[in-house]
Amino acid sequence: MFLNNELVDTFLKGLLLTSFAMVWVVILVRVNGLRSFSKMTNFDFVMTVAIGSLLAGASQSNSWLDYFQTILAMATLFIVQCSAARLRKASDSIESLMQNSPVLLMKDGEIIHSALTETRVAQSDLIAKLREANVLAFSDVRAVVLETTGDISVLHGSHCAEELLDGVRTTTT
């Protein structure tokens with residue numbers, strides 16, 4: 001790709017192609033904004049994984065055509081992410097189509113076992129998250145929410161504003 005010496009060429013390819021691809025990702029992030037690698041939605045998570053995979057692919061390209069296809073794919077992912085975010089912001093129906101709703105796992109100190117079953121969250125994992133949040137007693141917990149990103153939010157204290165639970169789904173069982 002660069003030189004006739006295979007060892008030197010391999011070294012230069014790895015060094016230069018990776019460097020150029022990283023610079024390209026930084027440029028794309030600067031153009032697309034801070035949200036580029038956020039974990040706000042499951043779509044954002046897939047974007048982050050896909051860009052990492054493409055970056056690895058760019059670093060191992062064996063031809064300029066392969067390299068430019070990978071660079072173009074990166075730009076396309078950023079365009080798709082930006083378009084999807086705008087569509088989600090503009091339409092509630094598109095928002096609900098593209099994203100899961102957060103689920104209430106615990107309310108006012110009581111574990112909602114049907115929600116644990118539905119979301120396949122083990123009670124031991126829930127309790128581990130409570131410990132991470134420095135909860136000292138179940139009675140201190142106002143709400144535990146499985147977020148759309150897969151993160152678990154623990155709201156504890158003496159009061160929880162109902163607005164914090166807007167859009168959070170409760171199980172029917």
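Computed from the coordinates by the stated procedures, all read-outs in this text should not be read as laboratory data. Values in this document were obtained by computation on a predicted structure and should not be read as measured data. Glycine also receives a Cβ, built like all others from the backbone with ideal geometry; neighbour counts cover every protein chain displayed.
For this structure, a couple of remarks:
- Every pair of different Cα atoms in segment 36-104 enters the Kirkwood calculation, which places the hydrodynamic radius at 13.4 Å.
- Cβ crowding within 10 Å, taken as a proxy for footprinting-reagent exposure, orders Leu17, Leu136, Leu105 from fewest neighbours to most as Leu136, Leu17, Leu105.
- Compared with the direct C-alpha span, the chain from Arg120 to Ser63 gains 16.0 nm at full extension, assuming 0.36 nm per residue.
- Segment 100-165: projected area of the alpha-carbon convex hull, averaged over directions, in nm²: 4.2 nm²
- Karplus-derived 3J(HN,Hα) values for segment 53-64, using 6.51 cos²θ - 1.76 cosθ + 1.60 with θ = phi - 60°, are 5, 5, 4, 5, x, 4, 5, 10, 4, 9, 8, 5 Hz; glycine and proline are entered as x.
- Cα-derived Rg over Rh, computed across segment 1-122 with Rh taken as Kirkwood radius: 1.18
- Segment 1-53 and segment 67-110 have Cα centres spaced 21 Å apart.
- Dividing the C-alpha radius of gyration of segment 26-67 by 2.2 N^0.38 Å, with N its residue count, gives 1.34.
- Per-residue ³J(HN,Hα) for segment 115-129, Karplus 6.51 cos²θ - 1.76 cosθ + 1.60, θ = phi - 60°, Hz, x for Gly and Pro: 5, 4, 5, 4, 8, 6, 9, 6, 4, 5, 5, 4, 5, 4, 5
- Unit charges at the beta carbon, dipole of the chain: most positive-side option, Ser158, Leu136, Val168: Val168
- Cross-link partners of Lys89 among aspartates and glutamates (Cα-Cα below 15 Å; sequence separation of 8 or more within a chain): Asp44
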